[in-house]
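**Q** Sharing a structure, written as structure tokens. Questions coming.
The values are calculated or read from the model by the stated rules, or taken from the named source; none is laboratory data. These figures come from a predicted structure and were not determined experimentally. Here the Cβ is made from the backbone with ideal geometry for all residues, glycine too, and neighbour counts use every protein chain on show. All accessible areas refer to the heavy atoms of the entire protein, side chains included, with ligands and DNA or RNA removed. Shrake-Rupley method; radii C 1.70, N 1.55, O 1.52, S 1.80 Å.
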Amino acid sequence: MSISPVVGDGGVDPVGDDNATVGADGFAAIEAKWRAIWDVLNPYAVADDGSRERKYVLDMFPYPSGDLHMGHAEAFALGDAVARYWMQRGYDVLHPVGWDSFGLPAENAAITRQAHPADWTYANIETQAESFRRYAVSFDWSARLHTSDPEYYRWTQWLFLRMRERGLVYRQESAVNWCPVDQTVLANEQVVGGACERCGAAVTERELTQWFLRITEYADRLLDDMAQLRGRWPERVLTMQTNWIGRSEGGYVDFALEGGSETIRVFTTRPDTLYGATFLVVAPEAELANKLCAPERRAEFDAYVARVRAGSDAERHPASTSRTGVDLGVRAVHPLTGELVPVWTSDYVLAGYGSSAIMAVPAHDQRDLDFAREFGLPVRTVVQPDDGVDPASSGIAYTGDGPHVESGPADGMDIGDASASVLRELAELEAGEPGVQYRLRDWLVSRQRFWGCPIPVVHCPSCGEVPVPDEELPVRLPELRGAELAPRGKPPLAAAEDWVNAACPRCGGDARRDTDTMDTFVDSSWYFLRYCSPGYAEGPFDPEAVRRWMPVAQYVGGVEHAILHLLYARFFTKVLRDMGLVDFDEPFQALLNQGQVILNGAAMSKSHGNLVDLGEQLATYGVDAVRLTMIFAGPPEDDIDWADVSPAGASRFLARTLRLADDVACPPGTDAEGGDRQLRSLTHRTVAQAAELAEAHRFNVLVARLMELVNAARKRIDAGSEADPAVREAVEAVAVMLSLFTPYTAEEMWEGLGHEPSVARAGWPTVDEQLVARETTVCIVQINGKLRGRLEVPVDTAEAELVSRASEQVAAALGDREVVRTVAKPPRLVNFVVG
RNA sequence: GCCCCCGUGGCCCAAUUGGCAGAGGCGGUCGACUUAAAAUCGAUUCAGUGCCGGUUCGAGUCCGGUCGGGGGCACCA
């Protein structure tokens, strides 16, 4: 094996007999020593000169909430292993770092401390940056960015304006989610179970004029392009995105209002059940309901709407099947039967979905059946239930398939055919058409808070909404601090009079700036592009640099971003593609989700209290032991229960390995040829398998293999063969492979072995296939599938010989029973089947 | 309620993807070193893969059912 050893004159005496574990002072000194050397060598710098194949490895950038915690330690140990692996494989790896530095916590801290959000933010960033250095993450620090820097958010604003030009940005008054504690609106994605995802307060509904991004226009592409990701993204994440987009195919049906020109359009996924529709329901908040309501029902209707609006989300989604609603006092004409059906309003129909109105088919929809039974409305079965139970009497709607009845031309058909038949009938009558609906809503991006990217729009009394010209970007945040940021029911920016008043870019008259800031998810929807050319001044990114590096080869981050961030980033990428700024559909080719770090089954987070302090762990066990513990604990996607793992164990292994390097006696550069064949074979098999394991992200198994190799090398030394070149070869391979996980220990070993730093640039050991191939193998001999014997055989043993030797070996066990069948899988197995 | 994932020694996890259940670690026990302890080193203990059934020469692995754990969506028509 050639590890292209660079032998320096200042070689360290590789033989030492220090038998003690490296104590806390010991590794602190080692860590400080190597940090200083790395600062000079800069071993992780990106060349970007085309000399090597490029690979972009990206960790989800952190939010600067304080110092790094156990969760960061896991995520970045993992991302770093990926990045360092490809570096060792000779790739030019872009592995940048930055901070998602806008956001509410900074603002809240500023209010409490009478300070500017930037003070808190940038202080935390410096703390984290220092911790990242200590943690030895292989970042190229030159690419560092912060989304709160004006030179970054200039381009966030620029992108917002480009999207606006493409009709993807609009401002609309609508009922929105409002968090009374944070005093801001929230995106649908930020409301979890009726509560604010951030602070947990019950979310209420408000009518406000807000900015939206038209992500729904990309629903189908967001869905379809997942085909490109299948197999390289966790299936779980793809499923969550699919559910979130929630595409439903069905049809629209138009019901004419009795005695009027009005039409009520409904969306249904079951057009086949149209003959079973016995009433219509319109969402109470929908303008349609207000318009349809008969005068004699007005009072009751208004009271109902008021009650619904006041109700919290939880009240609106009761666990029980009880239903509320009001008869609107009008009737509609069934398009196929001509029958008159009543029109009701009820809060179980949502205003924001479909056409805000449904046709109720109580026999085949549980919600409709509950409602029908509550108000004594008719139930008509049009699909024969296979169990013969009548929904009208059982109270259980039948949603399965079966022959249709009382359905005109669709009689006898199944759901598929009946749907087509009904849609055909509707088409002839021009009373309906096939249609698709999505659960996904447009992305509400405005926030009534301060510490975010200002929306680059000016409101002019005569010109209306006017975009700020590109050359005037960025629209910078004013210098507000402390109490000026406290929520007062209107955005803090609105109170900054000097800032708000601006000349209209179009007519020059008095105008006011938009006082909302953007959702921070906008900032993080394109940061991976900025990393390709962080200082670029001509645009958000240098298209050439993006062409060189994007898409991201491997993205690493928590599953908590499975929907929000990843969906938004995918959306931005598609928009940029349509704008001709990038030439790919998907930003992240592969995604790796690391699990959480928990303690005794309980989550460790800010809200649950940081149960284990990273700083203390690092001080007690050292950086490498903590990193190795994270990696070795189990598969990367699994949660790590800190109570189940042991940094002490990792620490012992590292000390043992370090000692191993000290015990290597043959000089650097010795040809391994002629070394112990068995050990050499193990080394080369381990290196070969380690590459496969690393590429499959099975780092825990990789570490186990390294432990085996370390144990084998140790045995060889203890047997008196410390001068065997095979030992040096094995230990050098260990140093290089271990450098993916424990950079300090690997450097110490490398130095101890007489090489110049840095081991990070040593290169992956070359595998000799001859040594990987086994000459002999153990063939197992079975009788009726049960193990009865073993044979050590050359791997190329012919089947006939194998069977005869096997037969000999188990002759006694076989006795005089007749072999009715022999299954041979040379050279691994022979199985005799006896009667 | 619907969908998805996972159940392997006391614990965390492996098992060439249908072929010897055990690689690695943690913990335990015993021994060596030590005046002693820690550290270190060596040795060693422990499961037939949640449960029931099926397919197969052969099942931890595939299929059906069931129990347990975790996750996602949840009045989206």
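**Q** Over all directions, average the projected area of the Cα convex hull of the range A:697-760 and note it in nm².
**A** 4.3
**Q** Now for a separate question. Amide H neighbours of residue A:449 under 5 Å, at least 5 residues apart or on other chains, H built in the peptide plane: list them.
**A** Close amide H contacts, sequence-distant or interchain: A:517.
**Q** Helix A:366-375 versus the longest principal axis of chain A: what angle, 0 to 90°, nearest 10, using Cα atoms?
**A** Its long axis makes an angle of about 30 degrees.
**Q** In the calculated pair distance distribution of the range A:623-747, what percentage of Cα-Cα distances lie above 20 Å?
**A** Percentage above 20 Å: 42.
**Q** Determine the order of A:519, A:411 by accessible area, beginning with the largest, at a probe radius of 1.4 Å.
**A** So, going from the largest accessible area down, we get A:411, A:519.
**Q** I need the phi-derived Karplus couplings for the range A:147-156: 6.51 cos²θ - 1.76 cosθ + 1.60, θ = phi - 60°, integer Hz, Gly and Pro marked x.
**A** The phi angles translate into 5, 8, 6, x, 6, 8, 6, 3, 7, 5 Hz.
**Q** Pick out, in residue order, every one of the trypsin sites (Lys or Arg not before Pro) in the range A:446-533 that is DSSP loop and has at most 15 other C-beta atoms within 10 Å; say none if there are none.
**A** Of the trypsin sites (Lys or Arg not before Pro), the ones in loops of the range A:446-533 whose Cβ has at most 15 other Cβ atoms within 10 Å are A:476, A:488, A:506.
**Q** Looking at the range A:118-182 from every direction and averaging, what is the projected area of its Cα convex hull in nm²? It would help to have the intermediate numbers written out before the result.
**A** Numbers: hull surface 31.4 nm².
Average projection, Cα convex hull of the range A:118-182: 7.9 nm².
**Q** Another question, if that's okay. For the range A:206-270, take the alpha-carbon Rg, divide it by the Kirkwood Rh, and send me Rg/Rh.
**A** Result for the range A:206-270 is an Rg/Rh of 1.17.
**Q** Share of Cα-Cα pairs in the range A:121-267 beyond 18 Å, in percent?
**A** Details: 8397 of 10731 pairs.
Result for the distance tail: 78 percent.
**Q** Name the residues whose placed amide hydrogens come within less than 5 Å of the amide hydrogen of residue A:413, ignoring near sequence neighbours (fewer than 5 apart) on the same chain.
**A** Counting only residues 5 or more places away or on other chains, the set is A:404.
**Q** Right, next: Would you pull out the residues with amide H under 5 Å of residue A:502's amide H, same chain only if 5 or more places away, H placed 1.01 Å from N?
**A** Residues meeting the criterion, in which the H sits 1.01 Å from N, are A:511, A:512, A:513.
**Q** With axes computed from alpha carbons, what is the tilt in degrees of helix A:564-578 against the longest principal axis of chain A, rounded to the nearest 10 within 0 to 90?
**A** 80
**Q** Please report, for the Cα atoms of chain A, the Rg to one decimal and the Dmax as a whole number; what are they, in angstrom?
**A** Looking at chain A, its Cα Rg and Dmax stand at 34.0, 108 Å.
**Q** Right, next: For the range A:155-204, taking Cα atoms only, what is the radius of gyration to one decimal and the Dmax to the nearest whole Å?
**A** 13.9, 36
**Q** So what's Rg/Rh here for the range A:510-553, counting alpha carbon atoms and using the Kirkwood radius for Rh?
**A** With Rg and the Kirkwood Rh in hand, the quotient comes to 1.17.
**Q** Averaging over every viewing direction, what projected area does the convex hull of the Cα atoms of the range A:707-833 cover, in nm²? Intermediate results must be reported in sequence, preceding the final value.
**A** Values: hull surface 43.6 nm².
Spelled out: convex hull of the Cα atoms, projected over all directions, averaged, 10.9 nm².
**Q** Continuing with this model, one more query. By how many degrees, 0 to 90 and rounded to 10, does the Cα axis of helix A:235-245 deviate from the longest principal axis of chain A?
**A** 20
**Q** Another question about this same structure. At 222 nm, what helix-only mean residue ellipticity would chain A give, in deg cm²/dmol to the nearest 500, using -39500 (n - 2.57) for each DSSP H run of four or more?
**A** Numbers: 28 runs with 301 residues, N = 835.
For chain A, the value works out to -11000 deg cm²/dmol.
**Q** Here's a follow-up. Quickly work out the residue A:692-to-residue A:822 label distance, labels modelled 7 Å from Cα along the C-beta direction, and quote it in nm with one decimal.
**A** Result for the modelled spin labels: 3.0 nm.
**Q** How much accessible surface does residue A:331 have with a 1.4 Å probe, in Å² rounded to 10?
**A** Roll a 1.4 Å probe over it and residue A:331 shows about 110 Å².
**Q** Starting from the coordinates of the alpha-carbon atoms of the range A:736-787, obtain the Kirkwood hydrodynamic radius over all distinct pairs and give the value in Å to one decimal.
**A** Mean inverse Cα-Cα distance, inverted, gives 14.3 Å.
**Q** Here's something else I'd like to know. Would you check the accessible area of residue A:149, probe 1.4 Å, heavy atoms only, in square angstrom rounded to 10?
**A** 50
**Q** Continuing with this model, one more query. What list of whole percents do you get for P(r) of the range A:411-569, with Cα-Cα distances grouped in 5 Å bins up to the one holding the largest distance?
**A** Bin by bin from 0 Å, the calculated values are 1, 7, 11, 12, 11, 12, 11, 8, 7, 6, 6, 4, 2, 1, 0.
**Q** Which whole-number percent gives the relative contact order of chain A, counting Cα pairs below 8 Å spaced six or more residues apart?
**A** The normalised contact order for chain A reaches 16 percent.
**Q** Using the Karplus equation 6.51 cos²θ - 1.76 cosθ + 1.60 (θ = phi - 60°), what ³J(HN,Hα) coupling, rounded to whole Hz, does each residue of the range A:685-697 give in order, writing x for Gly and Pro?
**A** 5, 5, 4, 5, 6, 4, 5, 4, 5, 5, 6, 8, 6
**Q** Using Stokes-Einstein with the Kirkwood hydrodynamic radius over Cα pairs, what translational diffusion coefficient do you get for the range A:564-704 at 37 °C and a viscosity of 0.692 mPa s, in µm²/s rounded to a whole number? Write out the running numbers ahead of the final one.
**A** Working: Rh = 19.2 Å.
Estimated via Stokes-Einstein, D reaches 171 µm²/s.
**Q** Measuring with a 1.4 Å probe in the full set of protein chains, what accessible area per residue, in whole Å², belongs to chain A?
**A** Working: 34800 Å² over 835 residues.
So chain A comes to 42 Å² accessible per residue, rounded to a whole number.
**Q** Express in Å², to the nearest 10, the accessible area of residue A:151 obtained by rolling a 1.4 Å probe over the protein heavy atoms while all chains stay in place.
**A** For residue A:151, the solvent-accessible surface is approximately 90 Å².
**Q** With the alpha-carbon atoms as the only input, what is the per residue convex hull volume for the range A:179-245 in Å³?
**A** Expressed per residue, the convex hull around the Cα atoms of the range A:179-245 is 112 Å³.
**Q** Something else: Translational diffusion coefficient of the range A:401-483 at 25 °C, 0.890 mPa s, Stokes-Einstein with Kirkwood Rh over Cα pairs, in µm²/s as a whole number.
**A** Details: Rh = 18.9 Å.
Taking Rh from Cα pairs, D becomes 130 µm²/s.
**Q** Let me check against my output: what whole-number percent is the relative contact order of the range A:102-171, with C-alpha pairs under 8 Å and at least 6 apart? Display every interim value, and only then the final one.
**A** Working: 20 pairs, mean separation 12.5, N = 70.
With pairs under 8 Å counted, the relative contact order is 18 percent.
**Q** Turning to a different aspect of this structure: Under a crude label model (7 Å from the Cα following the beta-carbon direction), how far is residue A:45 from residue A:170 in nanometres?
**A** The two pseudo-label positions are separated by 5.1 nm.
**Q** Quick one: what are the phi-derived ³J(HN,Hα) couplings along the range A:118-124, Karplus 6.51/-1.76/1.60 with θ = phi - 60°, whole Hz, x for glycine and proline?
**A** Listing the rounded values in order: 5, 4, 4, 4, 6, 5, 5 Hz.
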